[in-house]
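One structure below.
The values are calculated or read from the model by the stated rules, or taken from the named source; none is laboratory data. Bear in mind that the values here come from a model prediction, so they are computed numbers and not experimental data. Because the Cβ atoms are built from the backbone with ideal geometry, glycine has one as well, and the counts that use them run over all protein chains shown. To get the accessible areas, we keep the full protein, side chains included, count just its heavy atoms, and leave off ligands, DNA and RNA. Shrake-Rupley method; radii C 1.70, N 1.55, O 1.52, S 1.80 Å.
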Amino acid sequence: FPATIATTLTSSLLYKPASIRQLAVAASQITKSILFPSNQSTGRIRIMSSDAAVVSEAPVVAQPDDGDKSKQQQQRPQQRQKLVLKVPKGMHDRPPVQMSVREDVLQKIVSVFKSHDAECLETPGAELKEVLTGKYGEDSKLIYDICDQGGELLSLRYDLTVPFARYVAMNKLQSMRRYQIGPVYRRDQPAMTRGRYREFYQCDFDIAGESEPMLADSECVLILTEVLSGLGFSNYTVRVNHRLLLDGIFQCCGVSEALFRPICSAVDKLDKCSWDEVAKEMSDKGLADEPIERIRQLVLTPRGSADLVDQLRENPALKGNAMVTQALDDMSRLFRYLGLLGCPDQVRFDLSLARGLDYYTGLIYEAVLEPTPDCNVTVGSVAGGGRYDKLVGMFTKKDSIPRLRRLSPQVQIVTLHSSCPHHLNRSGSKNLLEERLRLCGQLWRAGLPAAHSLRSNPKLLTQFQYCEDTGVPIALIIGESELRDNKVKLRCIASRKERLVDRDSCVDEVRAELASLAAAQQKTEQ
């Protein structure tokens, strides 16, 4: 017996020892009283000698009934269960070998972001719950809420976009190019084999501020292709669509405006579910069979590019709808600008793309890795994004917000218009805008950081002032005379010296000028 039990028995016996059976019963009961003191009631037991004389009385615990026994049996394994070491469901460790690969990947992604004049921003891993509420539609149920620990209701961030919109509104910013890389959390059903986790990293690039239609959008799509190509992927497709076009299609098919977002969320599942499953979800949400069939005929149209834009313009079911007309104008500009920027031809117009988040208002896009003969594995979507015009306005009464100084590129593309008013016609401005995009694409493909104004007809002095304020060392100037002679004017911002260089050799000239400026700066510091 343990020492406590032996002492109790010894002090209870008088001269005549108890029988072995009685001692065994008493020891068993006393042991239970010590091991389970809180779950049983205490009584008294008589310890008898062999001739039935009373020797002493000792405290004892009442025998538990069958219900108490079952509770004890349930409690014992819990008290003795060993800790199983594992990571939470939908999350995983990154050993050093994987971290080395990820660091290399992130470095390449950041270099692309910086070449497009973006600066880094960091926001907290948790936000006020009310900041995230009402921004994600049906996906709001996937947000992780945090127990109240300090008087504030918090949630783990679902993505990096809504925190950025909150930051822009809170700091009253008018324009910003930012990138952010960090973990986000979604209370989704994980699919580890397909790379679907509850904690994962997002790499975001955003342009906030005013822009000519589709200028900023086309640059974001270009950045997506630059990142994937820079990581060695060639088997990808960038699917693009327009939220306004989907809304116009729904309207033409007889869907009420109140059902636009729920039906859009159903269409978003077409890459994971069959049409019959999507149609059933639409029906469950209150849509009749006839509009469901009309939607099917349109959203299952085969993918295309600019040719699909022309095809939809001629579709009698869509003619006369203002939302469809505006969206198709935007898509036409998008493909024209992507061509000027030298964007790869993996960009495809796909009417079945919907993107489930509620805050998108214009262009939406998504990159998908396609199976190859060497790797017949379907990974699915690896990147996505879109325009969200009204998200910042949810946090502030004003839709536009003040200017922010940002990290500057090495080259600024400046368009030079004629000083004669009659030369500033729309076609001339359009041509210079397109030449500006061609020159930017040439510099970006060469790996040179560059930027240009997102306005179609920016003022010359304003562009020079921007270069001086932000420390841009070089400006490339294109005007009507430069276009005619296939030249570009290279201007050193610090010295204000200018010289003409051949358009075909401007990349080499820029690199030589940057090297000369760096050598002069180093000599001055010494």
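If I ask for residues that are surrounded by fewer than 18 Cβ atoms within 10 Å (Cβ to Cβ) and over 25 Å from the mean Cα position of the chain (by Cα), which ones from region 257-279 would you list?
The answer is Glu257, Ala258, Leu259, Ser274, Trp275, Asp276, Glu277.
Can you pull out every residue in region 444-488 that is of a type in the set (Val, Ile, Thr) and either within 16 Å of Cys506 (Cα to Cα) or open to solvent by less than 20 Å² (accessible area, probe 1.4 Å) (or both)?
Across region 444-488, the qualifying residues are Val472, Ile474, Ile477, Ile478, Val488.
Using the structure shown, decide if Arg455 is within 32 Å of the chain's Cα centre (by Cα) and of a type in the set (Lys, Arg).
Criteria met by Arg455.
How many of the residues making up region 286-324 are free of Cβ contacts under 8 Å to residues at least 40 places away in the same chain and open to solvent by 50 Å² or more (accessible area, probe 1.4 Å)?
Count: 16.
Working only within region 346-393, note down all residues that are surrounded by fewer than 16 Cβ atoms within 10 Å (Cβ to Cβ), among the charged types (D, E, K, R) and under 26 Å from Glu130 (Cβ atoms).
Of everything in region 346-393, those that are surrounded by fewer than 16 Cβ atoms within 10 Å (Cβ to Cβ), among the charged types (D, E, K, R) and under 26 Å from Glu130 (Cβ atoms) turn out to be Asp389, Lys390.
Only one of (1) in a loop (DSSP other than H, G, I, E, B); (2) of a type in the set (Ser, Thr, Tyr); (3) surrounded by fewer than 18 Cβ atoms within 10 Å (Cβ to Cβ) is not met by Tyr158, so which one is it?
The failed condition is (3).
Only residues in region 504-526 that are touching a residue at least 40 places away in the same chain (Cβ under 8 Å) and at positive phi count as the first member; pair them with residues that are open to solvent by 60 Å² or more (accessible area, probe 1.4 Å) and among the β-branched types (Val, Ile, Thr), Cβ under 9 angstrom, at least 6 apart or cross-chain, and list the lot.
Between residues of region 504-526 that are touching a residue at least 40 places away in the same chain (Cβ under 8 Å) and at positive phi and residues that are open to solvent by 60 Å² or more (accessible area, probe 1.4 Å) and among the β-branched types (Val, Ile, Thr), there is no close pair.
Among (1) crowded, with 20+ Cβ neighbours inside 10 Å; (2) within 29 Å of Met331 (Cβ to Cβ), there is one condition Pro163 misses while meeting the rest; what is its number?
Going through (1) crowded, with 20+ Cβ neighbours inside 10 Å; (2) within 29 Å of Met331 (Cβ to Cβ) one by one, Pro163 breaks only (2).
Checking Asp188 against (1) open to solvent by 40 Å² or more (accessible area, probe 1.4 Å); (2) more than 21 Å from Cys120 (Cβ to Cβ), which single condition isn't satisfied?
Every condition holds for Asp188 apart from (1).
If you check Leu490 against the conditions, is it under 24 Å from Leu433 (Cα atoms) and in contact (Cβ under 8 Å) with a residue 40 or more places away in the chain?
Against the criterion (under 24 Å from Leu433 (Cα atoms) and in contact (Cβ under 8 Å) with a residue 40 or more places away in the chain), Leu490 does not qualify.
Considering only residues that are in contact with a His (Cβ under 8 Å, 6 or more places away or on another chain) and part of a helix (DSSP H, G or I), which ones fall in region 201-257?
Glu219, Ile223
Return the residues of region 174-185 that are of a type in the set (A, V, I, L, M, F, W, C) and open to solvent by less than 10 Å² (accessible area, probe 1.4 Å); say none if nothing qualifies. Steps first, please.
Narrowing region 174-185 to residues of a type in the set (A, V, I, L, M, F, W, C): 176, 181, 184.
Met176, Val184, listed by residue number.
Given (1) touching a helix residue (DSSP H, G or I) at 6+ places or on another chain (Cβ under 7 Å); (2) over 20 Å from Glu314 (Cα atoms), identify the lone condition not met by Gly248.
For Gly248, the exception is condition (2).
Kindly check whether there is at least one residue in region 494-509 that is in contact with a strand residue (DSSP E or B) (Cβ under 6 Å, 6 or more places away or on another chain), among the aliphatic types (A, V, I, L, M) and open to solvent by less than 30 Å² (accessible area, probe 1.4 Å).
Yes, that holds for at least one residue.
Which helices (runs of 4 or more DSSP H) does region 268-339 wholly contain that include 3 or more residues that are of a type in the set (Val, Ile, Thr)?
Details: elements: 275-284, 289-299, 306-313.
Result: 289-299.
Taking only pairs six or more apart or across chains, which ones have beta-carbon atoms under 6 Å, a first residue in region 248-273 that is assigned by the TED database to the domain that holds Val368, and a second residue that is among the hydrophobic types (A, V, I, L, M, F, W, C) and open to solvent by 20 Å² or more (accessible area, probe 1.4 Å)?
Note: pairs meeting the criteria are Gly248/Met323; Cys252/Ala317.
Among the residues of region 443-479, what is the count of those that are in a helix (DSSP H, G or I) and modelled with pLDDT of 90 or more?
Total satisfying the criteria: 3.
Output the residues belonging to region 327-358 that are in contact with a Leu (Cβ under 6 Å, 6 or more places away or on another chain) and over 30 Å from Asn235 (Cβ atoms).
Listed by number, the list is empty, since nothing qualifies.
Residue by residue through region 133-155, note down the ones that are in a loop (DSSP other than H, G, I, E, B) and either surrounded by fewer than 18 Cβ atoms within 10 Å (Cβ to Cβ) or modelled with pLDDT under 90 (or both).
Thr133, Gly134, Lys135, Tyr136, Tyr144, Cys147, Asp148, Gln149, Gly150, Gly151, Glu152, Leu153, listed by residue number.
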